[in-house]
Structure formats: structure tokens, C-alpha cells
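Enquirer: This is the structure I have questions about; it appears just below.
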Amino acid sequence: MARKLFGTDGVRGVAGDLLTAELALALGRAATLQAGAEHPRVLVVRDTRESGEMLEAALAAGITAAGGDALLAGVLPTPAAPLLLSRYGFDLAAVISASHNPYADNGIKFFGADAFKLSDATELRIEQRLTEPFAKPERIGRVHRLLGMQEDYLRDLHTRFEALDLAGIDVLLDCAHGATHRAAPEIFRRLGAAVTVLADQPDGRNINDGCGSTHVDALAAKVVDGGHDLGFAFDGDGDRVLAVDRAGVVVDGDELIALAALHLRVHDRLPGNGVAVTVMTNYGFHTAMRDAGVEVATTNVGDRYVLEELRARGWALGGEQSGHVIDMGFVPSGDGIASALLTLEALAGGDLAERHAMEKLPQRLVNVRVADRDGAMDSPGLAAATEEASRSLAGRGRVLIRASGTEPLVRVMVEAPTAEEADAVCAQLVATVEATAGTPAP
């Protein structure tokens, strides 16, 4: 039986529409019952969206109705949840956030007592509990507001990067009016950097609005105009980051992971001598890792799949082009702040603009809106065209055709040695998709 509510990153939708207070209460109750402890202690963390307080209250009601204690830590980056789970031995954590989505959306995702996101099977069991009769618990739980949780998170960051001296570094931080708006500037200052901050005044509705890692061009322009050494842009919940060098060039997750992999390998801190990335990772990354003798495992898109691969192989480093960088040596989650600091650690005082971890191949990505997504993917004509294009780029680039899991789209991606070749091959494949799938309904 497939999950209906949970996607690759929890339950997500428009707050008050799909994601109602009633659903949040039911999820809190079901997840608390599924936790298995006699009186579960459930940590609740949220980002800065205006709907966060409503959902926090509803989750707390569900947790306490199931006999658990709701421990409200307020606004914190998502990765603080698994760190606090491990520090205090909580039974479950719920994070209220829709990450990089607009403010009207929100979401609920859970971390288990082991500090990892819940498995597909556990999420399915929570969904099933939503419709089961609810027995009165032996006790009604309590709600507690936790103080000092941000300081605990900052302490863990400082301990991990205590040898990192950022004196003399001028950094610009874009906090997306989100969950990093206090923690990120503070840890950079504690480590000695000169810090200028953008988008650190959340009002409940401005999260990710023209700022953060989904709008990094704004940061790039300000890095150049202000003469900063580099900049980092976080997303709304703080589990991803993109960088910008002093010339205004955006450095994506592929390059950040490559920098980290080579750095950790040199210092014998890359378990298994391998990294896990997704199918979207640039071909140039694979070439660079092959040349460095680092094994690469490839997964489906989604940080949960990267995590699964890392756990299965006993590796520590992985992530996504979008800026999720996972260093299991610190926390089993993407952590934008930690990833930014790991980047500076890898540079060892060097200039991000002079990085040489990998050479990116030109990439062309087109989302083709179609009437029949499945028909296009099953088309012999598209299969033949894809095989021919892949053969022409063998050893020099690659082709990836994917169906969107949520929209009537077929995603066509081509990487080639030159932008002209990538454009030409991509145009041919887009035309094939359109011919085989038809045009979308109006």
C-alpha cells in the first residue's frame, strides 16, 4: 500500500487547505502513538511562516492527546532537530516547514529517536493510524516550551568547527527570512568572520520571497557590489545552501560536495572513500571523483535517498545539486550552516573563486509540459532517441529523461562538452517528447 499523504520530505501543502490544524493534530497523535515509548517526549521545531504557530499548537494538542509531552523549541533550522534528539534522547521530533516553498505552504516531517527521518514503512503506518479508533491514553501529556535550544545547536556547530579561524574573511549571508536568520550570523561571527546579513527580518510572509537559495542571483549581485569575499544563501528551513564567489559566480551543491570530498579524503575523514549523489549531479563531478580515486554512488532525487545510500554503505558524505550537503560526521541531515562552514574549512583560507575541485559540463534542462506523461516515457520513439543521444555523448556527457512525480511534465536534461552541443541534443529530445506525448490540455 502506497503512502498518500507523505512525500519525499514529509506532508506538505497549502496551510489551512491541505495542511489543516485538524490534520496536524491527527498526525501529531498518530506519530506519537507510533513512537512506541510509554510517555514519548516529542520535540517540535518550526520555521518562520505565519502558519507555523497554528500548526505547532495543533501538533502539540495531538502529541499530548496521545499521552506524549510536546517540547516546543520554537524557530530553529531543521538540522537542529536531529542534533537535539541525539543530545537529549527524545523519542521523536517534528519539524514544521515547507523548506524553499512560498510562505503560504507549510509541511510536517518527522525524525525518529535515531535522529534519522522516518522510513517509508513507518510513515505509511502513521497514515494508517489516522483512520483507526483512538483509545483514551492513561495520561494526558504536557506542553513545555524549551529555552536555550538555539544555543545548544550553536554549541554543536562551534565544537565541530572550533579549529576554523575566519578572521579576515568578509562574508555575506542571505538567510531567506527563514530559520537561519539568527543562528547563521551568530556562528560566523563567533568564528571571527566579518558578517553582513541579508533577509534576516522574517514577518511570516517574506520567507524565500526573492531571497535565499532559490533566488541566489540577488546575493550574487550584492557580493560583487559590496566587495565581499564570498556569500552563502540558505533556504527557508536551513537544510541547504548555495555559495557565491567574489566574482558573483554561483557555486552549487555539486561543487560544494566535490570540495568537501577532496578535503575530507586528504585528511582521512571520508569513510569508505566514497560519496553519494543523485541522478541530477553534473557529469563533471563524476569525472573529478574518478580522477581523485573517490567512489560515487548515484540515487534517485531526494535527500532521503542519499541518506539511505550513505547508511547502507557506511559512508558519511553526500548530497544534491540543489544545495543539500550531508555530512553524517556531524548530523544525519542536510545542514546549510554546517555545509557553508565545511566549504570554508575545505578552502583553508583560499579563494572560492580559485576553486579547482571539478569542471562542470554545460547543462541544458527543459521541463516539457505534456498531455500524457506516462505515454511519453513509454514511447519507443523516445527510448530510441534517448539511446542514440546517449551513444553520441558516451564518455563525454550524458542524457537524463525523467517524469515529474507531481506535475504533467517530462524533464529533459543534457550535459555535453559545449553549450552548443548540449542545446542541440536537448532540442532534439524535447521535440521527440512533444511529438510522442501531445500537447497538454488547456
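Enquirer: Please verify whether E407 is at pLDDT below 90 and assigned to a loop (DSSP other than H, G, I, E, B), treating the condition exactly as stated. It would help to see each step written out before you state the result.
Expert: On the way: at pLDDT below 90: yes; assigned to a loop (DSSP other than H, G, I, E, B): yes.
Yes; evaluated as a whole, the condition is true for this residue.
Enquirer: Another question, then. Scanning for something over 29 Å from A416 (Cα atoms), in contact with a strand residue (DSSP E or B) (Cβ under 8 Å, 6 or more places away or on another chain) and polar (S, T, N, Q), does the stretch 325-333 turn up at least one residue?
Expert: Yes, there is a match, as at least one residue in the stretch 325-333 is over 29 Å from A416 (Cα atoms), in contact with a strand residue (DSSP E or B) (Cβ under 8 Å, 6 or more places away or on another chain) and polar (S, T, N, Q).
Enquirer: Just to be sure I understand, how many residues within the stretch 189-222 are surrounded by 15 or more Cβ atoms within 10 Å (Cβ to Cβ), modelled with pLDDT of 95 or more, within 15 Å of L242 (Cβ to Cβ) and not basic (K, R)?
Expert: Number satisfying all stated conditions: 10.
Enquirer: Turning to a different aspect of this structure: Listed residues G52, G68; which is crowded, with 22+ Cβ neighbours inside 10 Å, touching a strand residue (DSSP E or B) at 6+ places or on another chain (Cβ under 8 Å) and farther than 30 Å from D327 by Cβ? Steps first, please.
Expert: Values: G52 fails: farther than 30 Å from D327 by Cβ.
None of the other options fit; the residue is G68.
Enquirer: Any residue in the stretch 311-318 that is crowded, with 18+ Cβ neighbours inside 10 Å and in contact (Cβ under 8 Å) with a residue 60 or more places away in the chain?
Expert: yes
Enquirer: While we're here: What pairs come up if the first residue lies in the stretch 392-417 and is without any contact (Cβ under 8 Å) to a residue 60 or more places away in the chain and surrounded by fewer than 19 Cβ atoms within 10 Å (Cβ to Cβ), the second is assigned to a helix (DSSP H, G or I) and not small (G, A, S), and their beta carbons are under 6 Å apart, counting only those six or more places apart or on different chains?
Expert: Within 6 Å, the pairs are A403/R373; A403/M377; P408/R373.
Enquirer: Take N367 and tell me if it is modelled with pLDDT under 95, among the polar types (S, T, N, Q) and touching a strand residue (DSSP E or B) at 6+ places or on another chain (Cβ under 6 Å). Can you show your working first?
Expert: Numbers: modelled with pLDDT under 95: yes; among the polar types (S, T, N, Q): yes; touching a strand residue (DSSP E or B) at 6+ places or on another chain (Cβ under 6 Å): yes.
Yes, satisfied.
Enquirer: A further question follows. Only one residue in R139, R182 is more than 22 Å from T20 (Cβ to Cβ) and out of contact with any Asp or Glu (no Cβ under 9 Å at 6 or more places or on another chain). Which one?
Expert: On the way: R182 fails: out of contact with any Asp or Glu (no Cβ under 9 Å at 6 or more places or on another chain).
When all the criteria are applied, what remains is R139.
Enquirer: Within the stretch 83-105, is there a residue that is in a strand (DSSP E or B), over 21 Å from the mean Cα position of the chain (by Cα) and of a type in the set (A, V, I, L, M, F, W, C)?
Expert: Filtering the stretch 83-105 for residues in a strand (DSSP E or B) gives 92-96, 105.
In the following step, the residues that additionally are over 21 Å from the mean Cα position of the chain (by Cα) were identified as none.
Among the residues of the stretch 83-105, not one is in a strand (DSSP E or B), over 21 Å from the mean Cα position of the chain (by Cα) and of a type in the set (A, V, I, L, M, F, W, C), which makes the answer no.
Enquirer: Going through the stretch 197-212 one residue at a time, which ones are touching a strand residue (DSSP E or B) at 6+ places or on another chain (Cβ under 8 Å) and aliphatic (A, V, I, L, M)?
Expert: V197, L198, A199
Enquirer: Exactly one of (1) in contact with a Leu (Cβ under 7 Å, 6 or more places away or on another chain); (2) in the same structural domain as T214 (by TED's automatic domain parsing) is unmet by D237. Its number?
Expert: (1) is the only condition that D237 fails.
Enquirer: Still on this structure, please answer the following. Does L19 fit the bill of being touching an Asp or Glu at 6+ places or on another chain (Cβ under 9 Å) and surrounded by 24 or more Cβ atoms within 10 Å (Cβ to Cβ)? Give the steps one after another, and end with the answer.
Expert: On the way: touching an Asp or Glu at 6+ places or on another chain (Cβ under 9 Å): yes; surrounded by 24 or more Cβ atoms within 10 Å (Cβ to Cβ): yes.
Considered against the rule, which asks whether it is touching an Asp or Glu at 6+ places or on another chain (Cβ under 9 Å) and surrounded by 24 or more Cβ atoms within 10 Å (Cβ to Cβ), L19 comes out as yes.
Enquirer: Return the total of residues in the stretch 86-102 being farther than 13 Å from A179 by Cβ and buried (at least 24 other Cβ atoms within 10 Å of the Cβ).
Expert: Residues flagged as farther than 13 Å from A179 by Cβ and buried (at least 24 other Cβ atoms within 10 Å of the Cβ) within the stretch 86-102 amount to 3.
Enquirer: Here is a check on your reading of the model: is L147 surrounded by 16 or more Cβ atoms within 10 Å (Cβ to Cβ) and more than 20 Å from H39 (Cα to Cα)? Outline the logic, then answer.
Expert: Details: surrounded by 16 or more Cβ atoms within 10 Å (Cβ to Cβ): no; more than 20 Å from H39 (Cα to Cα): yes.
Taking the combined requirement at face value, the residue does not satisfy it.
Enquirer: With the condition kept exactly as written, say whether any residue in the stretch 34-48 is part of a helix (DSSP H, G or I), closer than 18 Å to D120 by Cα and out of contact with any helix residue (DSSP H, G or I) (no Cβ under 7 Å at 6 or more places or on another chain).
Expert: Taking the stretch 34-48 as the starting set, the residues that turn out to be part of a helix (DSSP H, G or I) are 34-35.
So of that shortlist, the ones also closer than 18 Å to D120 by Cα come out as 34-35.
Now drop any that are not out of contact with any helix residue (DSSP H, G or I) (no Cβ under 7 Å at 6 or more places or on another chain), which leaves 35.
Checked the stretch 34-48: at least one residue is part of a helix (DSSP H, G or I), closer than 18 Å to D120 by Cα and out of contact with any helix residue (DSSP H, G or I) (no Cβ under 7 Å at 6 or more places or on another chain).
Enquirer: Related question: What number of residues within the stretch 370-391 satisfy the criterion of being outside any loop (DSSP other than H, G, I, E, B), at pLDDT below 90 and surrounded by 13 or more Cβ atoms within 10 Å (Cβ to Cβ)? Lay out the reasoning, then the answer.
Expert: Initial filter on the stretch 370-391 (outside any loop (DSSP other than H, G, I, E, B)): 373-377, 380-391.
The next check asks that each one be at pLDDT below 90; those that pass are 373-376.
This time we only want the ones that are surrounded by 13 or more Cβ atoms within 10 Å (Cβ to Cβ), so: 373, 375-376.
Looking only at that region, the number is 3.
Enquirer: While we're here: Taking into account only those residues within the stretch 150-172 that are in contact with a Gly (Cβ under 7 Å, 6 or more places away or on another chain) and surrounded by 19 or more Cβ atoms within 10 Å (Cβ to Cβ), which is farthest from L347 (Cα to Cα)?
Expert: Taking the stretch 150-172 as the starting set, the residues that turn out to be in contact with a Gly (Cβ under 7 Å, 6 or more places away or on another chain) are 165-167, 171-172.
Remaining after also requiring surrounded by 19 or more Cβ atoms within 10 Å (Cβ to Cβ): 166, 171-172.
Numbers: L166: 11, V171: 14, L172: 17 Å.
Filtering first and then ranking leaves L172.
Enquirer: OK, next. If you go through the stretch 125-144 one residue at a time, do you hit one that is crowded, with 17+ Cβ neighbours inside 10 Å, β-branched (V, I, T) and more than 16 Å from L76 (Cα to Cα)? Step through it out loud before you land on a result.
Expert: Within the stretch 125-144, the subset crowded, with 17+ Cβ neighbours inside 10 Å is 126-127, 129, 141.
The next check asks that each one be β-branched (V, I, T); those that pass are 126.
Restricting the remaining residues to those that are more than 16 Å from L76 (Cα to Cα) gives 126.
For the stretch 125-144, residues crowded, with 17+ Cβ neighbours inside 10 Å, β-branched (V, I, T) and more than 16 Å from L76 (Cα to Cα): present.
The values are calculated or read from the model by the stated rules, or taken from the named source; none is laboratory data. All values derive from a computational prediction rather than experimental measurement. Glycine also receives a Cβ, built like all others from the backbone with ideal geometry; neighbour counts cover every protein chain displayed.
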